[in-house]
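The values are calculated or read from the model by the stated rules, or taken from the named source; none is laboratory data. What you see is a predicted model; the values in this text were computed from it and never measured. Neighbour counts are summed over all protein chains in view; Cβ atoms, including those assigned to glycine, are modelled from backbone coordinates with ideal geometry. These area figures cover heavy atoms from the full protein model, side chains too; ligands, DNA and RNA do not enter into them. Shrake-Rupley method; radii C 1.70, N 1.55, O 1.52, S 1.80 Å.
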Amino acid sequence: MIRHFRLLALCSGLLLAAGCATAPEMVYVTEAQQVTTQALEPVNLDDIGLKKDLNGKFSSQLSPELAGELMSDIQAQLANTRRFTKVLMNASDQETYIVEPRIESLSSFEAPMNMDPSRKLVTFKARVRLDVKFMNTKGQEELVKSYSDDRKLETKLPKKEVLGAEKMQEFFKRAVTIGFRAAADRLGSGFNPSYEMGVISRINGRIAYVQINTSKLRKVPKKQQAVEVVDDSNAVLASLGELQIEDGSLSGRFFEKAGASVREGQKVRARVNAMLLE
């Protein structure tokens with residue numbers, strides 16, 4: 001079933017990749033503005049799990065209507081990481097990444113304040129996570145990684161004051177919101193574009209055969225796969241299309257830049273996802 005998309009456009013950053021002519025080398029992004037290739041293609045936010053949490057075991061601590069507000073906030077925070085070209089609300093049935101927010105636990109407790117017997121310390125704790133899943137064209141999902149955050153908020157109150165349900169909800173909402181923002185920030189950094197380096201071993205007509213580690217590349221959606229022939233300065237000489245990916249090798253039709261030539265022994269870089277390396 002195709003779900004409704006809610007699109008948030010995002011400027012892609014720039015990535016500077018460096019490679020070694022003699023051995024494969026992974027290169028990571030540390031700042032969004034360093035990216036010289038396009039940022040990763042859309043990620044999709046799915047609210048099914050979050051709605052289940054809010055309507056189930058945490059319905060007495062948080063309002064079920066909070067799902068939409070939390071999803072919008074997570075969407076904005078993921079976009080702010082500048083790792084994605086788009087952040088879509090709810091997933092489609094295409095090969096893509098899905099991000100599913102979940103609430104693991106909520107709790108609160110009171111403790112006396114020894115330095116001030118007339119007051120008490122009230123603590124609110126929340127544990128949230130963002131599950132990143134890879135969905136193939138058949139709609140099958142595989143958990144890739146989870147990004148969690150433990151959040152604690154404290155407030156000092158008069159010893160005899162009793163917090164009402166509405167006030168309790170405000171504190172839990174704040175803890176959950178901050179937790180999801182922190183998890184989204186780590187997820188964005190985890191989706192750092194990076195490269196696997198290889199070398200052209202053989203050319204047959206317009207087809208280049210490349211020796212390269214393909215274990216990570218296979219988990220990148222086809223629309224996000226980018227394989228390029230580069231020179232020693234990492235300037236792009238050609239792109240490879242119509243990819244055929246095998247264990248430890250790939251092949252593809254090459255399309256040269258104006259004035260460039262493709263030959264055996266040249267470096268090839270394939271964009272992968274740093275998150276998949278862990």
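State which residue is nearest to V199 (Cα to Cα) when the search covers only region 224-247 and only residues that are modelled with pLDDT of 90 or more and either open to solvent by less than 30 Å² (accessible area, probe 1.4 Å) or in contact with an Asp or Glu (Cβ under 9 Å, 6 or more places away or on another chain) (or both).
As a first pass, look at region 224-247 and keep what is modelled with pLDDT of 90 or more: 227-229, 237-247.
In the following step, the residues that additionally are either open to solvent by less than 30 Å² (accessible area, probe 1.4 Å) or in contact with an Asp or Glu (Cβ under 9 Å, 6 or more places away or on another chain) (or both) were identified as 227, 229, 237-241.
Values: V227: 11, V229: 9, L237: 13, A238: 13, S239: 14, L240: 13, G241: 16 Å.
This residue is V229.
So, A226, is that one aliphatic (A, V, I, L, M), closer than 26 Å to T96 by Cα and in contact with a helix residue (DSSP H, G or I) (Cβ under 9 Å, 6 or more places away or on another chain) or not? Quick ask: steps written out before the conclusion?
On the way: aliphatic (A, V, I, L, M): yes; closer than 26 Å to T96 by Cα: yes; in contact with a helix residue (DSSP H, G or I) (Cβ under 9 Å, 6 or more places away or on another chain): no.
The answer is no for A226.
Within region 36-84, work out how many residues are crowded, with 17+ Cβ neighbours inside 10 Å, among the β-branched types (V, I, T) and either touching a Pro at 6+ places or on another chain (Cβ under 8 Å) or at pLDDT 85 or above (or both).
2
Residue-wise test of (1) touching a Pro at 6+ places or on another chain (Cβ under 7 Å); (2) on the phi < 0 side of the Ramachandran plot; (3) in a strand (DSSP E or B).
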residue	(1), (2), (3)
L130	yes, yes, yes
E142	no, yes, yes
S148	no, yes, yes
K152	no, yes, yes
K156	no, yes, yes
K160	no, yes, no
